[in-house]
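So the structure is just underneath, and the comments pick up after that.
The values are calculated or read from the model by the stated rules, or taken from the named source; none is laboratory data. Only a predicted model underlies this, so the values are computations on that prediction, with no experimental measurement involved. Cβ placement follows ideal geometry from the backbone for every residue including glycine, while neighbour counts extend to all protein chains displayed.
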Amino acid sequence: MEPERIDQIIEKYGKNPSYLIQVLLEIQSEHNWLPGEAMKQVAEQLSVPLTRVQHIATFYKAFSVVPKGRHKVHICMGTACHVRGAARVLDAVQDVTGIKPGETDLDLKFSLETVNCLGCCALGPVMEVDGKAHGKMTPGQTADVLKTYE
Amino acid sequence: MARIHTPEELEAYRQQILSRKDPNRPCISICAGAGCVASGADEVIAAFSEEIDKQGLSAKVDTKGTGCPGFCERGPVVVIYPEQTCYLQVTAADVPEIVEQTIKNKKVVERLLFKDPETGGRFAREPDIPFYKNQKRTLLCSNIKIDSKRIDDYLAIGGYSALRRALFEMTAEQVVEEVKKSNLRGRGGAGFPAGRKWEGSRNAEEPIKYVIVNADEGDPGAFMDRALLEGNPHSILEGLIIGGYAVGAAEGYIYVRQEYPLAVKNISLAIGQAEEYGLLGDDILGSGFSFKVIVHQGAGAFVCGESTALMTALEGRVGEPRPKYIRSNIKGLWERPSVLNNVETWANVPLIVNRGADWFTEVGTEGSKGTKIFSLVGKINNTGLVEVPMGMTLKEIIYDIGGGIPGGKKFKAVQTGGPSGGCIPEEQLDLQVGFDELTQAGSMMGSGGMIVMDEDTCMVDVARYFIHFLTDESCGKCVPCREGLRQMDRILTNITRGRGKEGDIETLQELSDTAIEASLCALGKSAPNPFLSTLRYFRDEYEAHIKEHRCPALSCKELIAFYIDPEKCSACGICRKKCPVDAIDGAKKKIHIIDQEKCTRCGTCFEVCPPKFRAVTKISGEPVPAPIDEEKRMVTKKTKKAPVQ
């Protein structure tokens with residue numbers, strides 16, 4: 001990510017250290033992950049210790065300190081999906097993609113995550129790909145859905 | 001739109017909006033909440049706009065995407081005004097017919113109406129559908145009426161009149177007094193009286209104070225707050241501004257999960273519109289009161305729903321809770337008095353200010369007043385958001401509104417209060433919902449998640465699921481929570497895998513006691529609840545797992561086996577073809593047998609076996625019968641006995 005763009009984001013928040021999380025969220029959403037250089041730049045510009053930036057980047061689930069795939073696959077493991085068989089859907093997705101939750105495949109195609117509730121409980125079990133929810137999933141259907149992504 | 005300078009101008013503008021509105025003009029409201037969008041609401045909205053254009057009706061008919069009316073199970077939901085005709089599970093293909101029949105010819109499309117599963121009767125009007133009829137919707141009722149992106153829609157239903165009343169007809173003390181009198185208790189879980197919290201902050205010496213909306217709704221299976229934020233953001237904003245005035249704060253924060261992008265968008269839009277209209281910012285409506293609101297996106301940490309952790313996160317730090325020797329309404333955000341309330345609590349404030357505390361206390365039980373929104377999910381026919389008066393019984397909610405358990409299964413328990421809540425068994429279904437009532441039953445109100453479980457749900461697995469969730473979400477500050485939960489998770493996982501041993505229950509109880517006693521925040525203190533409440537009501541299930549290696553619900557994968565009953569198998573071959581690991585042996589007219597070594601217990605055979613055979617069964621706690629002899633495996637048509645001569 002361009003250092004100039006990071007500066008712009010920091011400027012937008014008035015270089016105010018209490019907006020540290022908001023700054024990191026914006027970098028994460030534009031760049032998909034937080035490179036070490038970016039974290040260093042943020043720490044310097046906001047005059048906060050680098051350790052604090054790293055602490056935040058590893059504490060909150062929204063951040064990733066490693067590159068992410070082009071498509072984000074979220075399997076809802078919320079209670080409603082759990083009692084309707086989400087674990088089996090997750091097993092199937094792991095088989096299809098060859099990666100476990102938290103991992104990204106070598107082609108940087110898919111990143112797999114489990115999430116705790118997407119809030120469309122009526123559709124459980126739910127698999128979300130790039131923000132689009134696919135509801136009432138059965139293990140068998142997951143491969144068909146994932147096939148449609150390049 | 002020009003800025004509104006006085007309360008009189010606000011009312012004049014409202015009249016102007018209303019005079020432009022013809023109550024008889026048809027309006028097509030389509031739910032644009034996250035649940036319906038996932039079921040294809042966007043396509044339906046686009047199809048309506050296109051069809052209305054095509055038919056040249058755009059001057060005569062309004063179309064709007066609205067907030068969530070709650071009936072997610074049957075989404076996308078479409079309501080057509082003024083008749084309030086309610087269509088369910090609408091697809092884009094249905095749109096031309098709806099426009100032709102209902103809009104042009106004023107007839108209903110029978111097949112899209114709600115059909116009572118028992119009587120088969122159809123209901124045309126939204127308020128007549130049992131799911132809605134048995135609710136008391138004071139907060140959620142506005143969602144389907146307004147386009148959440150338009151402030152004028154909110155003003156048309158009386159929006160910001162409570163703010164006007166508070167600023168010009170009441171002193172700040174009177175507002176606090178009214179909220180105190182209403183006995184409005186925090187809807188986020190703890191149930192602390194909001195008025196007392198406000199009073200404490202108001203009386204604190206420090207001149208700079210804050211008011212905060214907790215919209216970090218992290219409980220799995222709960223989405224009440226999201227529906228309000230997405231569907232009616234101005235109601236929360238209005239409540240917050242009134243709170244700011246009452247407490248004496250000039251700044252308010254809305255802490256909302258970044259996992260709710262539509263909620264972030266709608267509330268940010270609402271703030272912009274309110275500023276433009278002069279309902280937010282400097283000198284609101286010429287009252288001299290100035291107030292600004294900042295949206296802060298949460299970065300994904302369940303513990304940040306805890307008040308002190310949320311405030312630490314607002315300061316731009318890692319969200320860890322801190323000790324509450326001094327309450328946060330005295331020393332909170334940046335060590336200043338801070339009133340933090342949940343979304344639903346704030347949404348109630350304008351109603352209380354407008355209609356009075358006496359109106360609010362008309363509904364409810366002794367200790368819990370008003371209504372409460374629950375998200376009714378799990379093994380239930382009508383999944384969705386329901387708003388009910390406090391004091392309604394669980395049975396009424398689950399059967400009268402929720403329509404009971406699907407597939408003729410037997411109800412087992414209902415889990416309330418989110419991960420730290422507890423399970424309530426069938427014999428307590430007559431329990432009234434209320435803060436104190438649910439706590440006495442060993443569960444809690446929480447933010448309002450209500451997860452229904454049937455006979456197929458294993459209660460030990462449910463406890464394991466929640467403890468595992470909380471182990472993941474523990475911030476790690478206190479040892480009893482960080483390490484204790486990890487051990488509880490390990491022991492419970494072992495039990496569900498058939499590796500439980502004598503003494504496990506006692507160890508779990510000991511770990512629970514320590515976590516309750518020695519954790520700093522509510523997360524750790526209440527984390528053992530899922531274990532304790534399931535143990536209290538379902539101890540026999542724990543013992544069956546440990547002593548007999550048997551899962552009574554036939555749900556724990558490691559403790560069950562699938563078996564094809566040779567008496568019932570007709571060798572149709574469906575299970576053999578569907579088995580993902582080729583563990584089923586058989587052929588045409590040859591009774592099928594599952595190879596227990598190869599079987600991964602995925603349950604596919606159980607699901608696909610045609611109901612007329614029901615040959616696949618689950619076995620737990622006893623050995624799988626040996627496969628039948630090879631020569632007996634040919635299916636022979638059972639011929640009728642020859643009639644006795």
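General remarks:
- On inspection, A:E26 qualifies as outside any loop (DSSP other than H, G, I, E, B), without any contact (Cβ under 8 Å) to a residue 40 or more places away in the chain, among the charged types (D, E, K, R) and within 14 Å of chain B (Cβ to nearest Cβ).
- Selection status of B:L523, within 17 Å of B:C423 (Cβ to Cβ), buried (at least 19 other Cβ atoms within 10 Å of the Cβ) and touching a Phe, Trp or Tyr at 6+ places or on another chain (Cβ under 8 Å): no
- Residue check for B:E387: modelled with pLDDT of 90 or more and either touching a His at 6+ places or on another chain (Cβ under 8 Å) or surrounded by fewer than 19 Cβ atoms within 10 Å (Cβ to Cβ) (or both): no
- In the set B:G65, B:G70, B:G56, only one residue is part of a loop (DSSP other than H, G, I, E, B), away from every other protein chain (no Cβ under 14 Å) and not charged (D, E, K, R); that residue is B:G56.
Per-residue answers, yes or no, for (1) under 22 Å from the mean Cα position of the chain (by Cα); (2) over 23 Å from A:C117 (Cβ atoms); (3) within 11 Å of chain A (Cβ to nearest Cβ):
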site: B:L279; (1), (2), (3): no, yes, no
site: B:I294; (1), (2), (3): no, yes, yes
site: B:E306; (1), (2), (3): yes, no, no
site: B:L310; (1), (2), (3): yes, no, no
site: B:K324; (1), (2), (3): no, yes, no
site: B:S328; (1), (2), (3): no, yes, no
site: B:G332; (1), (2), (3): no, yes, no
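- Top-ranked residue of the range A:91-142 - restricted to ones that are part of a loop (DSSP other than H, G, I, E, B) and charged (D, E, K, R), ranked as nearest to the other protein chains (Cβ to nearest Cβ): A:K136
- When the range B:564-592 is filtered for residues that are in contact with a strand residue (DSSP E or B) (Cβ under 7 Å, 6 or more places away or on another chain), in a loop (DSSP other than H, G, I, E, B) and in contact (Cβ under 8 Å) with a residue 24 or more places away in the chain, the ones remaining, listed by number, are B:D565, B:P566, B:C569, B:A571, B:K589.
- Screening the range B:151-228 for helices (runs of 4 or more DSSP H) wholly inside it with 1 or more residues that are closer than 19 Å to B:A249 by Cβ, of a type in the set (A, V, I, L, M) and in contact with a Pro (Cβ under 8 Å, 6 or more places away or on another chain) returns the ranges B:161-169.
Quick grid of which residues meet (1) in the same structural domain as B:E169 (by TED's automatic domain parsing); (2) touching a residue at least 60 places away in the same chain (Cβ under 8 Å); (3) farther than 30 Å from A:K136 by Cα; (4) of a type in the set (A, V, I, L, M):
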position	(1), (2), (3), (4)
B:Q15	no, no, yes, no
B:C31	no, yes, no, no
B:I45	no, no, no, yes
B:Q55	no, no, yes, no
B:V61	no, no, yes, yes
B:G65	no, yes, no, no
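- Test: residue in the range B:197-210 that is touching a strand residue (DSSP E or B) at 6+ places or on another chain (Cβ under 9 Å) and within 14 Å of another protein chain (Cβ to nearest Cβ): yes
- Residue within the range B:580-591 that is surrounded by fewer than 17 Cβ atoms within 10 Å (Cβ to Cβ), in contact with a helix residue (DSSP H, G or I) (Cβ under 9 Å, 6 or more places away or on another chain) and within 14 Å of another protein chain (Cβ to nearest Cβ) present: yes
- Within the set B:E320, B:E344, the sole residue that is more than 14 Å from every other protein chain (Cβ to nearest Cβ), under 28 Å from A:T79 (Cα atoms) and among the acidic types (D, E) turns out to be B:E344.
- Single residue of the range A:75-90 satisfying the filter (facing chain B (nearest Cβ under 7 Å) and part of a helix (DSSP H, G or I)) that is surrounded by the most Cβ atoms within 10 Å (Cβ to Cβ): A:A80
Condition check ((1) modelled with pLDDT of 95 or more; (2) closer than 24 Å to B:A156 by Cβ; (3) among the basic types (K, R)) across all residues:
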| residue | (1), (2), (3) |
| --- | --- |
| B:E9 | yes, yes, no |
| B:R14 | yes, yes, yes |
| B:S19 | no, yes, no |
| B:N24 | no, yes, no |
| B:A34 | no, no, no |
| B:V37 | no, no, no |
| B:D53 | no, no, no |
| B:R74 | no, no, yes |
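- Of the residues making up the range B:253-265, at least one is among the aromatic types (F, W, Y), surrounded by fewer than 24 Cβ atoms within 10 Å (Cβ to Cβ) and within 19 Å of the chain's Cα centre (by Cα).
- Residues in the range A:49-74 that are surrounded by fewer than 16 Cβ atoms within 10 Å (Cβ to Cβ), touching a helix residue (DSSP H, G or I) at 6+ places or on another chain (Cβ under 7 Å) and of a type in the set (A, V, I, L, M): A:L50, A:V65.
- The number of residues in the range A:29-41 that are within 12 Å of another protein chain (Cβ to nearest Cβ) and out of contact with any helix residue (DSSP H, G or I) (no Cβ under 6 Å at 6 or more places or on another chain) comes to 1.
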